[in-house]
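Every number in this text was worked out from the coordinates using simple rules, so none of it is lab data. Everything numeric in this text was worked out from a predicted model, so none of it was measured. All Cβ positions, even for glycine, are placed from backbone atoms using ideal geometry, and neighbour counts span all protein chains on display.
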Amino acid sequence: MGGWSGPGVAPPRQGSGGTSGSRPAVPCPHRKGAMQTNSMQTDSSARTTRSGAESRWGRIEQGAAESGIWRSFIVLTVLLAGLAATGLYSFLLFHTIAEFVAIAIATGVFIVAWNARTMRENGYLLVAGTGMLFVAGIALVHTLAYDGMGIFVGYDANLPTQLWIASRYLLAGTLLAAPLLLRRNPGSREVFAAFFGVTVLLLLSIFVVPVFPDCYIVGSGLTPFKIWSEYIIAALLALGAVAVYRVRDAFSPRVAAHLLAAVLVLIASELAFTLYISVYGPSNMIGHLLMVLSFGLIYVAFVETGIRQPYALVFTGLKSSEERLRREKNRLAQYLDIAGALFVVLDGDGRVALINRRASEVLGCPADAAVGEAWAERFIPPAERERFRALFAELREGETGGNERVKMPVVATDGGERIIAWHNTVLRDENGAVCGILSSGEDITEQQHAEEALVQANAKLNLLAGITRHDILNQITVARAYIEFAGEDSENPGVQTCLERAHAAVDEIQKQIEFSRDYHDMGVKAPVWQKPQDLVAESVSYLALPTGIDVRADLSGLEIYADPMVKKVFYNLIDNAVRHGGSVTEVRFSCTRAGPDLLILCEDDGTGIPDGEKEAIFRETYKRRYGHGLFLVAGILGITGMTIRETGRSGTGARFEIIVPNGAYRFEGERE
């Protein structure tokens with residue numbers, strides 16, 4: 001007989017197809033199940049003890065089952081002997097008892113299968129058990145219609161024979177379809193409806209629309225259709241046996257052996273039914289005895305085994321699933337414990353449902369002691385609890401917002417605090433409702449302390465640098481005054497030359513100090529949207545431009561996202577053109593598209609930049625002509641991803657191109 005889905009069926013081996021390869025879904029954490037969820041921390045000795053106890057219980061249960069099965073075989077042997085003796089007295093009585101025994105067993109198989117349909121892992125038991133119910137139904141009508149029962153008046157021996165063949169076809173089809181559908185796991189309603197429809201069609205073809213072929217003719221015996229049908233049924237049963245054998249690993253060994261034996265005996269009974277001439281003949285009697293034996297094997301395989309040894313039948317799939325889940329949990333535990341990050345799962349009440357080894361080490365608390373504890377009260381410092389509760393409430397409502405990544409300190413059992421950078425993920429059940437929070441964290445305590453120390457050191461250095469620059473500039477002012485006083489009192493050309501050089505050196509020192517201040521201020525403040533048209537005008541107002549130099553800008557409506565010091569860019573470009581461009585009379589600013597980017601152009605009509613110096617002018621070490629100005633310009637622009645290059649032709653004027661990337665510029669009317 002083919003395989004039974006769920007009860008009596010072990011899960012398919014890995015790689016054999018079906019659903020065995022898929023991992024079970026991890027359930028959402030709940031308070032009552034918290035200790036179970038943390039089974040990853042189970043002690044190995046406890047597992048050994050449990051497995052030993054289960055093994056001893058399994059041996060006791062197996063022994064009880066074997067003794068019960070032997071009793072069943074003894075009862076079956078006595079039943080067959082009694083039936084044979086009854087047949088010698090009255091074949092009609094023998095036939096009635098034999099059929100009712102088979103009907104009772106088939107109905108019992110259906111009851112076991114139907115009540116276990118929610119625990120099944122495949123489609124065998126559902127298909128076979130449901131089919132057995134309808135086989136029993138047709139067999140009942142066959143029994144009541146048997147020649148000599150006197151219930152169906154006006155019919156001869158052909159009617160029960162037709163019903164018999166109909167039930168055998170249905171039985172053979174059931175036992176062939178069941179193993180073939182083992183991996184498909186069909187729905188119970190669909191299976192019941194399919195068998196119901198086939199049964200109704202068979203009965204209609206016999207009673208209402210008599211198109212079912214004759215199977216027995218009084219006086220001549222079996223028709224060729226009946227004989228060939230028995231052979232076809234035997235062939236279908238043989239195919240069913242092969243199908244069961246191919247999926248035998250899906251059954252417990254005892255159930256698989258009984259199923260195969262039952263199908264083989266059924267084949268023998270079908271062959272016996274091809275030989276009788278009279279419905280009361282010995283071949284018919286032998287066929288019914290073999291039928292009872294086959295159904296007895298089915299009884300032992302499913303009903304008896306299911307009652308006396310449930311792990312071999314009804315709970316085989318569940319036990320295998322439990323073992324598979326345990327293996328998956330242990331594998332998950334290994335992965336989480338290997339990871340260097342902290343992993344904590346909180347249930348909907350904010351209690352610990354799962355914690356990995358790293359988190360346990362940081363908290364100084366064993367995992368089994370942490371599970372079930374309220375996270376806020378046990379592991380969050382008092383000063384941070386309100387912030388944590390507000391954060392947890394938002395996550396529980398599904399509002400992640402900016403709460404996915406957050407710094408939150410924890411307090412260990414020894415009272416020490418550690419700063420953790422958490423990444424929070426909302427866990428949802430199958431209905432989409434939030435049922436917990438998974439948090440992975442990294443201990444950044446040392447990093448945080450180092451950052452704080454660096455901030456303090458940087459603040460001190462900034463203060464010292466600011467005071468030093470201020471004092472140096474004050475001394476420069478004093479030095480410049482003394483140089484000017486000395487020049488007024490001396491008419492010696494040599495002295496005047498020295499004083500002029502001293503004055504130039506003081507000016508250079510002042511520029512260096514101002515450059516260090518500007519470079520220090522780069523990136524201190526956040527970038528903002530600024531208008532280059534206004535920045536050019538502001539730069540011109542600060543510069544004392546010689547007469548005859550015209551600065552024009554065609555940048556109206558343009559805004560760029562840049563460091564607040566970007567005004568130094570335009571100031572330096574204009575100043576450098578005037579100082580080092582030779583006979584410059586015009587400086588022009590404009591813009592043009594370059595694909596997705598924007599070019600801001602600064603052009604003059606001076607001498608231009610020699611080809612060999614176009615890249616060098618932006619380096620810090622280039623001082624001969626342009627000093628630190630262009631180095632500072634490139635640094636300010638680079639803060640927001642902008643770059644600058646010189647593309648002019650030497651002798652016809654300089655041309656600076658500021659490349660503004662897409663997203664760092666906009667025009668009026670394009671603001672979000």
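Some notes on this structure:
- Stretch gain in nm, segment Ala369-Arg184, where the contour uses 0.36 nm per residue and the Cα spacing is subtracted: 62.2 nm
- Classified by the C-alpha gyration tensor, region 154-265 has an oblate form. Its axis ratio a/c, with a ≥ b ≥ c, is 1.5 or above, and a/b does not exceed b/c.
- Pairs from the table (Lys460/Lys568; Lys407/Lys525; Lys460/Lys531) lying more than 32 angstrom apart at Cα are Lys460/Lys531.
- Relative packing of peptides 357-369, 498-510 - highest average C-beta neighbours within 10 Å first: 357-369, 498-510
- Positive-end residue, region 528-667 charge dipole about Cα centroid, Cβ charges, pick of Val660, Pro546, Pro610: Pro610
- Projected label distance in nm at Glu538 and Glu668, using a 7 Å step from Cα toward the beta-carbon: 1.7
- Segment Val153-Glu452, length gained on full extension (0.36 nm per residue, minus Cα span): 97.3 nm
- Cα-based equivalent ellipsoid of region 84-153: semi-axis lengths in Å, sorted from largest, via gyration tensor: 31, 13, 7
- Annotation for region 111-174 versus region 595-610: alpha-carbon center distance of 95 Å.
- Simple label model, 7 Å out from Cα along Cβ direction - Cys498 to Ala341, nm: 7.1
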